[in-house]
Each structure stands twice: as structure tokens, then as C-alpha cells.
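Asks: After the C-alpha cells below, expect a handful of questions from me.
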Amino acid sequence: MSSRVLIIEDEVVTQHLLTRLVESEGHLVSVAQSCAEAEALAMRETYGLILLDLVLGKEDGLAILRRIRARQRAPIVIISGKTDSTDIVTGLELGADDYVLKPFDVAVLRARLRTHLRRGSGQRPAGPAEETIAVGNVLVDCGLRDALVGAQPAGLTQKEFQLLLFLARRIGRAVRKEDIADEIFDGEMRSDKILAVYVRRLREKLEAGPQNPRYLDTIPGFGYRLAVE
């Protein structure tokens, strides 16, 4: 199914590369080169995916992220050339779903786009039955690439699902932060702060009381554990 993708990028070469990549997947593209253009397009159209560069000339991409998130439910993927994790953490806290660092691998980015567009459309990948893991009233469904909470999809992002599946396959065991980072941040910027954002978002989507988690425990000074109460 074709979707419309919004690319917010002022660097011409990257803009053209992203446009060709998205169009090669059969999707329509809208392009914004500034925060004003991005906000105007976000007001007029509904998108299946939004790619957002954090640096738009002299403008800060974070300035537009919150306003777009208030209008759009589409997955937002940050495209960043920054080496400081602070802006990535801020972007995730403002509502971004994922991030890709420049220079990016086209094949990896293509796989990310497919995953986010599939999740946004509610499509389930075709194929035989996949692994499922029950954790209390949470069902980790590898075929759906999501979790079901009381039979309702949690709407996990790619990295949130990777984190949950990694812990679910080690249910009851404490897992080091370093091992989790190796699994879900393969070749990308990694930090305890970024990991903590994904853990918090998982709790918000899976736990009835995120501040007093039933399933996802923090092991101080070590890592995390997924355990049935």
C-alpha cells in the first residue's frame, strides 16, 4: 500500500537520496527545507512516515518536532549528523520514534522505512506463524513485530520491540546495559540516556503503572530485567 512520506531536509544531496529511496519503495514524497515549510505541510496532509533532519540551516529541527507530533500520529525518524546524544534523547522525549545517524547505510535505512511504514499502516508481514512469548498479560508477537496488551496492540517502535524481545528471551534474568546496547544500537550512537528513554517508553506502553513497573525492572548499576510478577 502506498503512503505519503514527509522529508524535512535542507541538504540537497541527502534530500535527493532520501526522495529516491522512498519513491523506489512505491511511496509519494513531500519535501520541506525549513521549519515553516514543514509545519505548513503537516497542517495540510496526513503522512505515513516523517523523516526529520535535526539541523535545518540555522534552524533547529527540534523546534518543529513537538509541533508536528501534536498534529501527526505518523512515525517520526530523526536523521542526525550530530555526535552528541543529548539532541537524540531530547528528540525521542519530544515524540520521535527512531533515529538514523549520518552517514547512513542505504540498505539499513530502507529496512527501517519498511518497518515503520508497515507499523503505521497496521499491516502484518506475510509468512508462517512466528515466535510469541507471554509475559503476564503481555504477548510479545514476532510476526506482528509488536506486543499485545490485553489483546490490544501496544504500537511499539522498531527499537522498543527489539528491546522487549531481547529481554523476553531472557525472562527472569538480569541483562547488562552493555549487552542490550550491543543488540539494539548496532553500529549507532549509544548511551545510557538513550536506552533509558526506550525503557521508559516501553513501560508507558506495557505497564498499568509505569512509575511502579510490574514487569520491566531496573537493576541499579547493572541493567534491566523482564519478569512475570
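Asks: I need the Kirkwood Rh of region 1-91: take the reciprocal of the average 1/r across all distinct C-alpha pairs and report it in angstrom. Please report the intermediate quantities before stating the final value.
Replies: Numbers: mean 1/r = 0.0761 Å⁻¹.
With all distinct Cα pairs of region 1-91 included, I get 13.1 Å.
Asks: So if I take the alpha carbon set of region 136-229, get Rg, then get Rh from the Kirkwood formula, what is the Rg over Rh ratio?
Replies: 0.93
Asks: Given labels modelled 7 Å from the Cα in the Cβ direction, how far is it in nm from D105 to K82?
Replies: 2.5
Asks: Of T46, T115, T157, which has the most accessible area and how do the rest follow, probe 1.4 Å?
Replies: Values: T46 120, T115 30, T157 0 Å².
Sorted descending by solvent-accessible area, the residues read T46, T115, T157.
Asks: Among L206, I194, T218, whose Cα projects farthest towards the positive end of the dipole of region 176-218, with charges put on the beta-carbon of Lys, Arg (+1) and Asp, Glu (-1)?
Replies: Farthest towards the positive end: L206.
Asks: So what is the 222 nm mean residue ellipticity for the chain from helices alone, if each DSSP H run of at least 4 adds -39500 (n - 2.57) and you divide by all residues, rounding to the nearest 500 deg cm²/dmol?
Replies: Values: 8 runs with 93 residues, N = 229.
Mean residue ellipticity, 222 nm, calculated: -12500 deg cm²/dmol.
Asks: Taking 10 °C and 1.306 mPa s as the conditions, I'd like the Stokes-Einstein D for region 172-220 in µm²/s, using the Kirkwood hydrodynamic radius from alpha carbon pairs. The partial results should precede the final answer.
Replies: Working: Rh = 11.7 Å.
Roughly 136 µm²/s, to the nearest whole number.
Asks: Mind listing the Cα extents of region 141-184 along all three principal axes, in Å, largest one first?
Replies: So the extents along the principal axes, rounded to whole Å, are 31, 21, 14.
Asks: Please report the antiparallel percentage of DSSP beta bridges with both residues in the chain, rounded to the nearest 5. Each step should come with its number before you reach the end.
Replies: On the way: 18 of 35 bridges.
The antiparallel proportion sits near 50 percent.
Asks: Rounded to the nearest 20 Debye, what is the dipole magnitude of the chain about its Cα centre when Lys and Arg each give +1 and Asp and Glu each give -1 at the C-beta? Present the calculation step by step, with values, prior to reporting the outcome.
Replies: Details: 32 positive and 33 negative charges, 111 e Å.
Magnitude of the dipole: close to 540 debye.
Asks: Still on this model: Across bins of 5 angstrom width beginning at 0, how are the C-alpha pair distances of the chain distributed, in whole percent?
Replies: Calculated over all Cα pairs of the chain, the distribution is 1, 6, 15, 18, 19, 16, 12, 7, 4, 1, 0 percent.
Asks: Using +1 on the beta carbon of Lys and Arg, -1 on that of Asp and Glu, and nothing else charged, what's the dipole of region 1-113 about the Cα centre, debye to 20? Mind dumping the intermediate values first?
Replies: Details: 13 positive and 17 negative charges, 67 e Å.
So the magnitude is around 320 debye.
Asks: Treating the angle as unsigned and between 0 and 90°, give the value, to the nearest 10°, between the Cα long axis of helix 192-206 and the longest Cα principal axis of the chain.
Replies: 70
Asks: Same structure again: Using the alpha-carbon atoms, what tilt in degrees (0 to 90, nearest 10) does helix 35-44 show relative to the longest principal axis of the chain?
Replies: 80
The values are calculated or read from the model by the stated rules, or taken from the named source; none is laboratory data. Because the structure is a prediction, the values reported are computed rather than measured. Please note: Cβ atoms are built from the backbone with ideal geometry, for glycine as well, and neighbour counts cover all protein chains shown. Quick note on the areas: whole protein, heavy atoms, side chains included, nothing else; ligands and nucleic acids left out. Shrake-Rupley method; radii C 1.70, N 1.55, O 1.52, S 1.80 Å.
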